[in-house]
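One structure is given below, encoded as structure tokens.
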Amino acid sequence: MNILKLTLAAALVALQVPAFAHVGDDHGHAPAYDASQVKQTPFGRQGNPERVTRTVELDMTDDMRFTPDRVTVRRGETVKFVVTNEGKVLHELVLGTREELAKHSEMMRQHPGMAHAEPYMAHVNPGASGEVVWQFNRVGEFDFGCLLPGHFEAGMAGKVVVQ
């Protein structure tokens, strides 16, 4: 009976480890740039760090805000976002369309520990900074937000206007 209890306890602990992969890992930097792996999205594509034309600094705080919360770029521009977490809890920057961010935010609420790292996101621990390098090759208004449960809903979002 004790062996069964120990096995069950070990299985429960093992199941919880992946749940912390998203919140415990420091994915402050986007995956390394590999031109053969770049995929087009409705809001642009991963940018080549050697072709950055501008750096935009964004601050994230525990009052669930980005500063600035609106950025204007030119079509074709490759931007390096440097995001600094001024708060005491984990925050993230995720680029996308409003619909994609809302869908991803709902998924994060249902599975708060899901692990993922994409070139359009940076997970930033308190007091740390992260980077996203992105080429905006489509005109339009796109969004960014922190999709950790409750953050996006509390207003932790912003806009990128591509002209």
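Since every read-out is calculated from the coordinates, none of them should be taken as a lab result. From a predicted model like this one, the values you see are computed outputs, not experimental measurements. Glycine also receives a Cβ, built like all others from the backbone with ideal geometry; neighbour counts cover every protein chain displayed.
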Completion exercise
Among Val56, Val83, Val71, the single one that is farther than 21 Å from His151 by Cα and either surrounded by 13 or more Cβ atoms within 10 Å (Cβ to Cβ) or in contact with a Pro (Cβ under 8 Å, 6 or more places away or on another chain) (or both) is Val56
Fill in the blank from the handout: Restricting segment 101-156 to residues that are charged (D, E, K, R) and surrounded by fewer than 19 Cβ atoms within 10 Å (Cβ to Cβ), the one farthest from Arg75 (Cα to Cα) turns out to be Arg109
